[in-house]
């Protein structure tokens, strides 16, 4: 299972300052995404996840220069979320150095737009879903009733989506549910966020989850990245 460092970018800088040696007082803090990504790749990261926070609010990519700086420093795939909801936005992200994109849950309500995005990104497109059913129910769906997460995931896979990213907010991931979902879907399932520790990471690995995306826990040192890699192996 992959352990994927996530960097939230605001105004070209990381929202969270990363200090690799914070626990021992060694090293230099940085909020530069390219330096953070470079450090994680040196430690063994095989994929970097970048959230364009400004792009998410604007509905279009807003930190392409920062993305380009990261791409110039690391030779692993870069997965970008935030402001990707359209084929032209995806093209801009790819031109800047992204190799994968994550669309928001709203794309499920616009199959025509989803297919145009798939024409550009193909298997490198993922859709982010909030696992909390109350969040799904609260979305203003253009259908008679809110779908369940399982139905929503199934719809997206039927349309050709081959990667799903399930966010958990601050909740502990439901390992039994995730194992069943990963077993039945014809798609890779990634887990983003949630309250995790090394035992949860091992549980996700055993549940056949493709990867866990971690931002604040590994940037602040709450979860040791090297130990997380060991737990996921």
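Only the coordinates and a few stated rules stand behind these numbers; no lab work does. On a predicted model such as this, the values are computed, not experimentally measured, just so you know. Note that each Cβ is placed from the backbone with ideal geometry, even for glycine, and that neighbours are counted across all protein chains shown.
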| query | If you take the square roots of the eigenvalues of the alpha-carbon gyration tensor of the range 127-189 and sort them as a ≥ b ≥ c, do you get rounded (a/c under 1.5), prolate (a/b over b/c) or oblate? | reply | oblate
| What's the percent breakdown of Cα-Cα distances in the chain across 5 Å bins, shortest bin first? | 1, 7, 15, 19, 20, 18, 12, 6, 2, 1, 0, 0
| query | What list do you get for 227, 202, 176 if you sort them by fewest beta carbons within 10 Å? | reply | 176, 227, 202
| task | Starting from the Cα-Cα distance between residue 88 and residue 43, subtract it from 0.36 nm times their residue separation and give me the gain in nm to one decimal. | result | 12.8 nm
| field | Fraction of antiparallel bridges per DSSP, the chain only, in percent to nearest 5 | value | 10 percent
| query | Taking 0.36 nm per intervening residue step and subtracting the Cα-Cα distance, what contour gain separates residue 112 from residue 183 on full extension? | reply | 22.8 nm
| task | Between 92, 129, 103, find the one with the highest GNM mean-square fluctuation for the chain; connect C-alpha pairs within less than 10 Å. | result | 92
| request: At 20 °C and 1.002 mPa s, grab the translational diffusion coefficient of the range 54-161 from Stokes-Einstein with a Kirkwood Rh over Cα pairs, rounded to a whole number in µm² per second. | output: 148 µm²/s
| request: Please work out the Cα center distance from the range 168-191 to the range 146-167, rounded to the nearest Å. | output: 11 Å
| said: On alpha carbon coordinates alone, what is the Rg over Rh value for the range 104-233, Rh being the Kirkwood radius? | reply: 0.99
| Estimated 222 nm signal from helices in the chain, with DSSP H stretches of n ≥ 4 weighted -39500 (n - 2.57), rounded to 500 | -11500 deg cm²/dmol
| Förster-model FRET efficiency, 30 Å R0, residue 17 and residue 208, C-beta, rounded to 0.05 | 0.30
| remark: Cβ density ranking, 10 Å radius, fewest first, applied to 80, 120 yields 120, 80
